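What follows is a single structure, written as structure tokens, with notes after it.
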Amino acid sequence: MDINVELLLGTKVYDANGEKVGRIEEFRAEQDGDSCRVEAYLIGASAVIQRLSAWTLVRPIQRVLRSRKIYSVFEVRWQDMDLSDPRRPRLRIASKDLRHAR
Amino acid sequence: MHLIRDVLDKQLIDREDCKMGRASGLIMQLGENTQPRVTHIVIGGPALWMRIRPGLRKLSTKLAHLWGPKRKEPVTIPWSRVKTVGKDVNLDVEAKETGALDWELWIARHIIERIPGGGSKEEE
Amino acid sequence: MKKILQLTLGIVTSVGGFLEIGSVTTAAQAGARFGYQLLWAILLGTLCLIFLIEMSGRLAAVSKHTIVDAMRERFGFPFFFFVLIGMVIVAFLVLVAELGGISFALQILTGIRFPWWALPVSLLVWLLMWKGTFSLIENGASLLGLVTISFVVAAFKLGPDWSSVGSSLIPSLPDSDKANYGFLAVSILGASISPYLMYFYSSGAIEDKWDRSYITMNRIIAGFGMTFGGFLSMAVLVAAALALRPKGLQVDTFPQAALLMTTALPRWGFYLFALSMLFACFGAALEISLAIAYFFAQGFGWSWSEDLEPSQDARFAFVYTIIILLAAVPLMLRVDPIKVTMLSMALTSASLPLAIVPFLFLMNDPIYLGKHRNGWISNAVVAIVILISFVLAIISIPLQIIGG
């Protein structure tokens with residue numbers, strides 16, 4: 001299945017128990033010869049900031065906000081994300097098992 | 001590499017240092033239990049309008065049928081053609097062959113070159 | 001030392017910013033109504049612009065990307081599109097006003113009414129962009145724009161009281177007519193701090209192939225260029241204060257503004273005024289048309305350069321062609337350029353935050369600027385400009401209605 005990465009941006013993500021975790025805000029990838037593997041998804045836990053970021057100017061300062069822990073971002077390995085329904089991404093793990101992004 | 005920060009909306013440059021638009025979208029291939037891979041960069045057109053409002057994509061496709069180059073599918077560049085990802089994304093392609101410059105060439109031929117002094121691409 | 005010749009980019013930018021029809025009309029009105037009292041507004045506008053223009057140049061020289069490139073790349077397409085819509089609407093109105101200024105100048109020189117000049121003037125502006133190179137436009141407009149120095153001559157000849165002039169550089173409130181005073185202060189700031197100047201200068205730096213070695217020169221050019229324009233604008237205000245205020249004259253129509261020159265220079269004043277407005281508005285019209293086309297081309301990733309033949313950057317050329325021809329239409333339909341000017345200035349003020357706020361983020365981005373990011377002074381200035389821009393945005397439209 002082919003999906004558009006830019007349309008996944010900002011989609012709400014739910015954990016294995018159906019609880020909302022946040023919104024997809026970035027994709028960490030690695031160049032691998034002729035293609036590009038997606039390694040992890042970054043999920044932002046602040047809905048307000050995430051909702052704003054596509055439209056206003058918060059995107060560039062998200063990194064700053066993240067590093068000052070003003071709002072949290074989780075890193076989800078590709079194996080732990082179920083994108084079979086791209087409109088409702090689901091984690092294969094529970095939210096308590098989430099790791100904070102660097 | 002971060003896809004949104006480093007690839008999306010970046011200027012795409014071809015083999016000859018020619019600007020060929022910006023990355024409007026990225027296509028990711030998902031498998032049942034395989035690692036997702038980004039396979040194509042999408043340029044311009046409908047992909048762009050989808051990001052604002054899905055309805056705009058239909059509108060833009062309808063308008064594109066009225067005039068301009070008639071193109072059925074959106075322009076995509078395979079990821080294998082990506083040379084470097086830095087301030088811009090450098091591609092190992094020739095812009096004219098990808099379809100990325102379809103609108104540019106159409107406007108050049110049908111409008112610009114018809115006006116005196118517009119010059120002609122034929123001379124290249 | 002070839003770099004010093006690049007001063008022309010600074011001059012042409014500031015002529016287009018400070019001496020176009022909006023700035024001249026408001027400076028003249030301010031002088032006619034309140035004497036020297038509003039000089040501080042011009043000073044404030046000049047200082048803000050020096051910093052903003054320097055930053056636009058620095059971003060381009062260091063990253064080889066313009067403000068618009070960076071805006072699309074860091075904030076994404078939806079935000080860019082939103083700013084595009086706002087920017088095009090406002091810039092288009094200013095363009096109509098500038099073409100109106102050129103047409104008015106020709107009207108007072110020839111007696112032929114301005115609607116007849118609209119199309120020929122817009123075609124001439126278009127022709128310069130079509131056939132000309134960036135250096136030609138930059139140097140030509142600067143050189144011709146120097147005729148505006150006649151405003152300074154006029155101001156000196158009228159013998160101002162320099163200590164009063166000096167003390168008016170500090171803000172003060174008038175005894176009466178505060179709404180009108182506020183409206184003029186807002187208009188002066190809105191007329192000087194125009195976003196299209198930043199987009200033009202940033203693109204101009206790329207057209208002129210600046211790199212890191214231009215960083216110091218950029219500061220000199222931005223400082224000198226904007227000071228030149230600001231100084232000329234102050235001269236207009238001072239001349240109006242001395243020539244028009246004692247006679248109780250207002251500046252409601254374009255020909256009345258000419259009086260500020262003819263009082264000081266009875267023989268040549270009339271022609272100098274008309275020529276000054278002609279060349280200044282011409283430079284502004286070129287700048288704005290290019291700024292709009294640059295905005296589209298850079299935001300969408302098309303090829304763009306004034307040094308390319310139109311067929312080599314077809315979409316870019318198409319945009320400025322359409323824009324300039326459309327801008328002639330309201331004038332041909334006899335829409336009053338002065339009214340368009342006032343509306344465009346109010347809208348520029350109202351939309352200023354949209355242009356300046358992204359700047360704060362871009363100028364601190366290490367990916368674009370590396371170690372040339374803003375220091376605390378520059379950031380403080382941007383923050384102050386943002387504050388001013390929000391105040392302007394909120395009060396400009398109500399003031400236009402009450403005090404205009």
Among the numbered conditions (1) more than 8 Å from every other protein chain (Cβ to nearest Cβ); (2) assigned to a helix (DSSP H, G or I); (3) out of contact with any Gly (no Cβ under 9 Å at 6 or more places or on another chain), tell me where B:LYS83 comes up short. (2)
Which ones in the range B:1-18 are touching a residue at least 60 places away in the same chain (Cβ under 8 Å), under 16 Å from C:ALA297 (Cβ atoms) and either touching a helix residue (DSSP H, G or I) at 6+ places or on another chain (Cβ under 6 Å) or facing another protein chain (nearest Cβ under 9 Å) (or both)? B:LYS10, B:GLN11, B:LEU12, B:CYS18
Taking first residues from the range C:341-358 that are within 21 Å of C:THR253 (Cα to Cα) and second residues anywhere that are among the hydroxyl-bearing types (Ser, Thr, Tyr), the pairs with Cβ under 7 Å that are 6 or more apart or on different chains are C:THR341/C:THR25; C:MET345/C:SER187; C:ALA346/C:SER396
When the range C:167-200 is checked residue by residue, the ones that are in a helix (DSSP H, G or I), more than 23 Å from the chain's Cα centre (by Cα) and modelled with pLDDT under 90 are C:LYS178, C:ALA179
Could you check C:ALA284 against (1) at pLDDT below 90; (2) buried (at least 22 other Cβ atoms within 10 Å of the Cβ); (3) among the aliphatic types (A, V, I, L, M) and say which number it fails? (1)
Considering (1) out of contact with any helix residue (DSSP H, G or I) (no Cβ under 7 Å at 6 or more places or on another chain); (2) assigned to a loop (DSSP other than H, G, I, E, B), say which one C:TYR271 fails and leave the rest. (2)
Quick check on the range B:65-78. Is at least one of its residues assigned to a strand (DSSP E or B), away from chain C (no Cβ under 14 Å) and modelled with pLDDT of 90 or more? yes
Would you point out which residue out of B:ALA95, B:ALA108 is crowded, with 18+ Cβ neighbours inside 10 Å and either within 18 Å of B:LEU8 (Cα to Cα) or in contact (Cβ under 8 Å) with a residue 60 or more places away in the chain (or both)? B:ALA95
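Could you check the range A:9-22 and list, in sequence order, the residues that are more than 8 Å from chain B (Cβ to nearest Cβ), under 16 Å from B:ARG5 (Cα atoms) and at pLDDT 85 or above? Write out each step before concluding.
Just the residues of the range A:9-22 that are more than 8 Å from chain B (Cβ to nearest Cβ), to begin with: A:10-22.
Of the ones still in play, those that are also under 16 Å from B:ARG5 (Cα atoms) are A:10.
Across the range A:9-22, there are no qualifying residues.
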For C:GLY111, the lone unmet condition from (1) more than 27 Å from C:ILE388 (Cα to Cα); (2) surrounded by 18 or more Cβ atoms within 10 Å (Cβ to Cβ); (3) over 20 Å from the mean Cα position of the chain (by Cα) is (2)
Taking the condition surrounded by fewer than 24 Cβ atoms within 10 Å (Cβ to Cβ) and without any contact (Cβ under 8 Å) to a residue 60 or more places away in the chain, does C:PRO266 pass? yes
Just to confirm my filter: which helices (runs of 4 or more DSSP H) fall fully inside the range C:313-401 and include at least 3 residues that are within 14 Å of chain B (Cβ to nearest Cβ) and among the hydrophobic types (A, V, I, L, M, F, W, C)? C:314-332
Contact list please: Cβ distance under 6 Å, first residue in the range A:73-96 and more than 13 Å from chain B (Cβ to nearest Cβ), second residue of a type in the set (A, V, I, L, M) and in a loop (DSSP other than H, G, I, E, B), pairs at least six apart or on different chains. A:PHE74/A:LEU98; A:LEU91/A:ALA16; A:ILE93/A:ALA16; A:ALA94/A:ALA16
Return the residue satisfying two criteria in turn: it lies in the range C:288-311 and is assigned to a helix (DSSP H, G or I) and at the interface with chain B (Cβ under 7 Å from one of its Cβ atoms), and of such residues it is nearest to C:GLU20 (Cα to Cα). C:PRO310
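Select, from B:MET28, B:MET20, the only residue that is part of a strand (DSSP E or B) and over 15 Å from the mean Cα position of the chain (by Cα).
Answer to the check: B:MET28.
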Would you check if C:PRO255 is surrounded by fewer than 24 Cβ atoms within 10 Å (Cβ to Cβ), in a helix (DSSP H, G or I) and modelled with pLDDT under 95? yes
Which residue is nearest to the other protein chains (Cβ to nearest Cβ), if the candidates are limited to the range B:24-35 and must be touching a residue at least 12 places away in the same chain (Cβ under 8 Å) and out of contact with any Asp or Glu (no Cβ under 6 Å at 6 or more places or on another chain)? B:LEU26
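May I ask you to say which residue of C:ARG58, C:ARG113, C:ARG74 is within 14 Å of chain A (Cβ to nearest Cβ) and among the basic types (Lys, Arg)?
Result: C:ARG74 is the single residue among C:ARG58, C:ARG113, C:ARG74 that is within 14 Å of chain A (Cβ to nearest Cβ) and among the basic types (Lys, Arg).
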Candidate set: the range C:157-205, residues that are β-branched (Val, Ile, Thr) and buried (at least 24 other Cβ atoms within 10 Å of the Cβ); chosen: the one farthest from C:LEU9 (Cα to Cα): C:VAL186
Identify the residue in the range C:99-139 that is hydroxyl-bearing (Ser, Thr, Tyr) and in a helix (DSSP H, G or I) and, among all such residues, is modelled with the lowest pLDDT. C:SER135
Could you figure out which of (1) over 16 Å from the mean Cα position of the chain (by Cα); (2) at pLDDT 95 or above isn't true of C:SER203? (1)
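Of the residues in the range A:32-41, how many are assigned to a strand (DSSP E or B) and at pLDDT below 90?
First, pick out the residues of the range A:32-41 that are assigned to a strand (DSSP E or B): A:32, A:35-41.
Next cut, at pLDDT below 90 only: A:32, A:35.
Qualifying residue count, the range A:32-41: 2.
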In the range B:86-105, anything facing chain C (nearest Cβ under 8 Å) and within 18 Å of B:GLY68 (Cβ to Cβ) is listed as B:TRP103, B:GLU104, B:LEU105
Looking at the range C:5-49 only, could you name the residues that are over 23 Å from C:PHE200 (Cβ atoms), of a type outside the set (A, V, I, L, M, F, W, C) and either in contact with a Leu (Cβ under 8 Å, 6 or more places away or on another chain) or without any contact (Cβ under 8 Å) to a residue 12 or more places away in the chain (or both)? C:GLN29, C:GLY31, C:ARG33, C:TYR36
Flag for B:LEU56 being crowded, with 22+ Cβ neighbours inside 10 Å and within 14 Å of chain C (Cβ to nearest Cβ): no
Has the range C:67-74 got any residue that is in contact with an Asp or Glu (Cβ under 6 Å, 6 or more places away or on another chain), assigned to a helix (DSSP H, G or I) and without any contact (Cβ under 8 Å) to a residue 60 or more places away in the chain? yes
Only one of these conditions is not met by C:ALA327: (1) buried (at least 19 other Cβ atoms within 10 Å of the Cβ); (2) at pLDDT below 90. Which number is it? (2)
For the range B:36-53, how many residues are within 12 Å of chain C (Cβ to nearest Cβ), out of contact with any Gly (no Cβ under 7 Å at 6 or more places or on another chain) and in a loop (DSSP other than H, G, I, E, B)? 4
In the set C:ASP313, C:ASP307, the lone residue that is surrounded by fewer than 16 Cβ atoms within 10 Å (Cβ to Cβ), among the acidic types (Asp, Glu) and farther than 25 Å from C:LEU52 by Cβ is C:ASP307
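The values are calculated or read from the model by the stated rules, or taken from the named source; none is laboratory data. Quick caveat, the model's predicted, so the values are computed rather than measured. FYI the Cβ positions are ideal-geometry reconstructions off the backbone, even for glycines, and counts take in every protein chain you see.
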